[in-house]
Amino acid sequence: MNASLMTLELCVIALGVVLLLADFWVPNERKKFLAYAAIAALGGLFFISASGNGVCDLGGSAFNGAFVNDALAVFFKRLFLLAAMLVMFIAAEFSSRIEAAISEFYSLVLFALAGMLFAASSNDFVMLFVSIELITITFYVLVSFQRNKIASLEAGVKYLILGALSSAFMIFGIALIWGTTGELNFTKLAVLTPQFAASKIFLLGVLLVLVGLGFKIAAFPFQIWAPDVYQGAPTPTTAFLAIGSKAAGFVLLLRVLFSAVPAVTQQWANVLIVISGITILYGNLCALPQRNLKRLLGYSSISHAGYLLLGVAALSAAGQAAVLYYLAGYLFTVLAAFAVIAIVLKNLDNKDVAGLAGLNQRSPLLAATMTIAMVSLAGIPPLAGFFGKFLLLKAVLAQGATNHGYYCLAFTALVGVIISLYYYFSVVRAIYWGKDAADLSPIELSSPAKLTLWICLISIFWLGVFPNTVLNLANKAVEVFGAF
């Protein structure tokens, strides 16, 4: 066993423990700065991993092949580190709304991050389940962290019940796969899958595993938790759920479908097409009447899960790479939106869109950030959201000659984009043309807040205008699946 491959994960866990212990000695008025210390440490880990000096080195495996550090794992680990750093910035700005145990909140974010890092390297159903549970259990606490608010407790209970149900489906599916094949390792299972492709018990096991993963990515029909949990959870938690949990679900989905059971995946192309199309339409149509901004982004998240499933349904390397690129752009876009919510609406229990009225007069930077985020989510050029959707649609249309269902899926995706223009631009309309603003006092931004907003803004434009760097990394990452 090569335990050194897990250096990054162990460092993140150790950092979380250090933050827990620091709670005993750091005065309450200075605990906000623990978030900045964590950001600095995560930034150091990110740059060390990017330079290839012993952290996130390519190659090798641990636990008899259950843990791998291939190009796909490294891509997602860096994605998760970036997400955690930005979420920590948001948490620091939101810390005044958390009455006690803020250092515990920071630690739980890091423990969830550790679960995501393990998920990126999972090459075995045991590692998959353990990493999923580490992520989920920490989010049970994070969602209900504002114990003085009924909405947060209610969201936590809903997430706990539905999360436990999805875990039950997943573990039952894993048991069926083990019972029929005698294997849990993805690499070994891929060799055996053609022998069991007609076994109903084996296929039921795979289906139940996908049900559990469908819950993580909020895909139809397993999306019912998302709007309520997004609305009730603390804003930093919602932000981390929106990108971290979703990205972890997708890296595991990709590994299961294309590494563990590729022979089954080929047979389920039409199923993936239908789920993707319904998820897109459901998310966009349900977002239309929403006035609560976090709930709106909850339904938006469902629709984006549908867009990401376009790349999965395409059953091609181009589609897989498009998923990775789209997640990179979605990271900065959705975290920019939640950063604005955390700053502007942190003192309002009702996160209504109308609360953004007059924001252009109160803070041009915040107004511009939210506008760019909404425009990118809508898929308008030249931003990251546009190029991500373009790559996904291109991958789907390339498969249209073999299956005309892909043309229907592409049309459905375009309809979803048109529908989304209404509710995304309703947010922009509220910012610049909203009437009866309750407060027009200027919003003073801290230096870390400004840095966070500028990082998101620059990244959204950079990924849209100069996509090749990230796209090349994505293409290299999906080479682990071979020719599919």
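The C-beta contact set for segment 104-118 (first residue without any contact (Cβ under 8 Å) to a residue 24 or more places away in the chain and of a type in the set (Ser, Thr, Tyr), second residue in a helix (DSSP H, G or I) and surrounded by 24 or more Cβ atoms within 10 Å (Cβ to Cβ), distance under 9 angstrom, 6+ apart or interchain) is empty.
One line per residue, one yes/no per condition, for (1) closer than 21 Å to Asn123 by Cβ; (2) open to solvent by less than 10 Å² (accessible area, probe 1.4 Å):
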| site | (1), (2) |
| --- | --- |
| Phe169 | no, no |
| Gly182 | yes, no |
| Gly214 | yes, yes |
| Val229 | no, yes |
| Pro234 | no, yes |
| Val261 | yes, yes |
| Ser276 | no, yes |
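May I ask you to verify whether Asn360 is under 22 Å from Thr235 (Cα atoms) and either buried (at least 22 other Cβ atoms within 10 Å of the Cβ) or modelled with pLDDT under 90 (or both)?
Criteria met by Asn360.
So which residues in segment 215-245 are free of Cβ contacts under 8 Å to residues at least 60 places away in the same chain and either of a type in the set (A, V, I, L, M) or in a helix (DSSP H, G or I) (or both), if there are any at all? Talk me through it step by step, then tell me what you get.
Applying the first criterion (free of Cβ contacts under 8 Å to residues at least 60 places away in the same chain) to segment 215-245 yields 215, 221-222.
Once the filter is applied, which keeps residues that are free of Cβ contacts under 8 Å to residues at least 60 places away in the same chain and either of a type in the set (A, V, I, L, M) or in a helix (DSSP H, G or I) (or both), segment 215-245 yields only Phe215.
Out of all the residues in segment 193-205, which are surrounded by fewer than 24 Cβ atoms within 10 Å (Cβ to Cβ) and either in contact with a Gly (Cβ under 8 Å, 6 or more places away or on another chain) or within 24 Å of Leu327 (Cβ to Cβ) (or both)?
Those that are surrounded by fewer than 24 Cβ atoms within 10 Å (Cβ to Cβ) and either in contact with a Gly (Cβ under 8 Å, 6 or more places away or on another chain) or within 24 Å of Leu327 (Cβ to Cβ) (or both): Ile201, Leu204.
Contact map, segment 188-210: first residue under 21 Å from Val251 (Cα atoms) and in contact (Cβ under 8 Å) with a residue 40 or more places away in the chain, second residue surrounded by fewer than 17 Cβ atoms within 10 Å (Cβ to Cβ) and hydrophobic (A, V, I, L, M, F, W, C), Cβ cut-off under 7 Å, separation 6 or more or different chains; pairs are Thr193/Ala263. Residues that are open to solvent by 20 Å² or more (accessible area, probe 1.4 Å) and part of a loop (DSSP other than H, G, I, E, B) were ranked within segment 134-153; the one that is farthest from Phe240 (Cα to Cα) is Asn148. Regarding Val334, is this residue touching a residue at least 40 places away in the same chain (Cβ under 8 Å), farther than 23 Å from Val87 by Cβ and of a type in the set (Val, Ile, Thr)? When the stated conditions are applied, Val334 does not pass them. Candidates Asn475, Asn403: the one that is modelled with pLDDT of 90 or more and open to solvent by 30 Å² or more (accessible area, probe 1.4 Å) is Asn475.
Residues of segment 334-354 include at least one that is of a type in the set (Phe, Trp, Tyr), at pLDDT 90 or above and open to solvent by less than 10 Å² (accessible area, probe 1.4 Å).
The values are calculated or read from the model by the stated rules, or taken from the named source; none is laboratory data. These figures come from a predicted structure and were not determined experimentally. Positions of Cβ are generated from backbone atoms using ideal geometry, with glycine treated the same way; all protein chains shown enter the neighbour counts. Just the protein is used for accessible areas: all its heavy atoms, side chains included, with ligands, DNA and RNA removed. Shrake-Rupley method; radii C 1.70, N 1.55, O 1.52, S 1.80 Å.
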